[in-house]
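Have a look at the structure below, then the notes.
Coordinate-derived values only; no laboratory data. From a predicted model like this one, the values you see are computed outputs, not experimental measurements. All Cβ positions, even for glycine, are placed from backbone atoms using ideal geometry, and neighbour counts span all protein chains on display.
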Amino acid sequence: MKLTVLGRYGPYPAAGGACSGYLLEEEGCPVLLDCGNGVLSRLQEHLKPWALEAVLLSHLHFDHIADLMVLRYALDYARSRDLRPHPLPLYALPKPAAEFERLLYKGLFKAVPLSGGEKLTVGPFNFSFIETIHSVPCLAMRIETEKGVLVYAVDTEYFDGLVNFAAGADILLTEASFLEKDTRRSPVNHLTAADAARLASRAGVNRLLLTHFHPERSPDASLEEAREYFAAAELAREGQTYRISG
C-alpha cells in the first residue's frame, strides 16, 4: 500500500501548501482521502482525477472538501469526452445535510452515506470507521489490505476508543493541530501533538505521521512535542510517498 501526502494543513494552507488530502494506491486502485483546497492540483502530479476509484471524506469542513467543488468540473470534462462515463463514488457522512447536498452536481458523484461502525471495501482496501469527537460529525478510518494497516484520524479530541481502533497499525496518520500550551486558549475538537503521540504509544503502532498543521505554527514544534511521548513520530511531508507493509 502506498500513501502520498498531497496536503497537510488546516484550517487553511501555508504559503505553497495545501489542506488535507491523501492518495492511497495498491494494485492499480487509487483512492483519495479528503480533498481540501490545493489537493486537486497536487493529485494531477500522479494521475488524472477521473482515474480515481473513489473519494472518502472524513467530514464536511471546507479544509477537507473544498477542492471537490472544482473536481466536479474535471469530472464534467471527462464525461463530455467519454473519459469517465460513470459517476465517481463519494463516501461521506451525510451531515451537515446542506453541505452533503451541495456536493451533488450533475450526477458526477455517486454519493454514498457512511456511518461509524460501518465496513466498506474498495478494490483491495478494507475500510472500517469510528465516529470521532468534533464540532460536526467526523470519521476516523482504518484501512487494511494484505500488505498492511493504515489508520487516518482527523479531526478529533482524544478519546479511549481511538486506542483500540488504531491498535497495531503500521502507520497512524493523525492530526497535530495544537501544542499542549495552546489548549488553554484554543477550542477543543482537535488533538495536540502530545495527544497524537500518546495515542500512538498506547495503540502500539509502528510509525506515527503527524499532519493537519496550523499554517501559522512551525511543524517542527509539533514534532518536538510528540517525540517526548513517541520516539518514532515523523512529520507528514507534502509530496512524499510512504510505503505501508506489515
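Numerical summary
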| read-out | value |
| --- | --- |
| Region 113-127 - phi-based ³J(HN,Hα) in whole Hz, Karplus 6.51/-1.76/1.60, Gly and Pro as x | x, 10, 8, x, x, 7, 10, 8, 10, 10, x, x, 8, 10, 9 |
| Cα gyration tensor category, rounded, prolate or oblate, for region 2-243 with a/c compared to 1.5 | prolate |
| Coil-residue GluC sites (Glu not before Pro) of region 160-242, DSSP, other Cβ within 10 Å capped at 12 | 216 |
| Reachable lysines, given that their alpha-carbon falls under 17 Å from the alpha-carbon of residue 147 and they are not under 8 places away in the same chain | 2 |
| Cβ-defined net charge surrounding residue 132, 9 Å radius [Lys, Arg +1; Asp, Glu -1] | -3 |
| Among 223, 149, 163 the positive-end extreme of the charge dipole of region 2-243 (Cβ point charges) | 149 |
| Only Lys, Arg (+1) and Asp, Glu (-1) charged, at Cβ; the chain dipole about Cα centre in debye | 480 |
| Exposed trypsin sites (Lys or Arg not before Pro) absent: longest stretch of the chain, with sites in DSSP loops and at most 14 other Cβ within 10 Å deemed exposed | 1-80 |
| From phi via Karplus (6.51, -1.76, 1.60), per-residue ³J(HN,Hα) for region 24-31 in Hz, x at Gly/Pro | 9, 9, 6, 6, x, 10, x, 10 |
| Expected 222 nm ellipticity per residue - DSSP helices of 4 or more, -39500 (n - 2.57), all of the chain, to 500 | -6000 deg cm²/dmol |
| Neighbour net charge for residue 65 - beta-carbon separation under 11 angstrom, K R +1, D E -1 | -3 |
| Percent antiparallel among DSSP beta bridges (both partners in the chain, rounded to 5) | 50 |
| Phi-based couplings in Hz for region 204-214 (Karplus 6.51, -1.76, 1.60; Gly and Pro marked x) | x, 7, 7, 9, 10, 10, 8, 8, 6, 7, 6 |
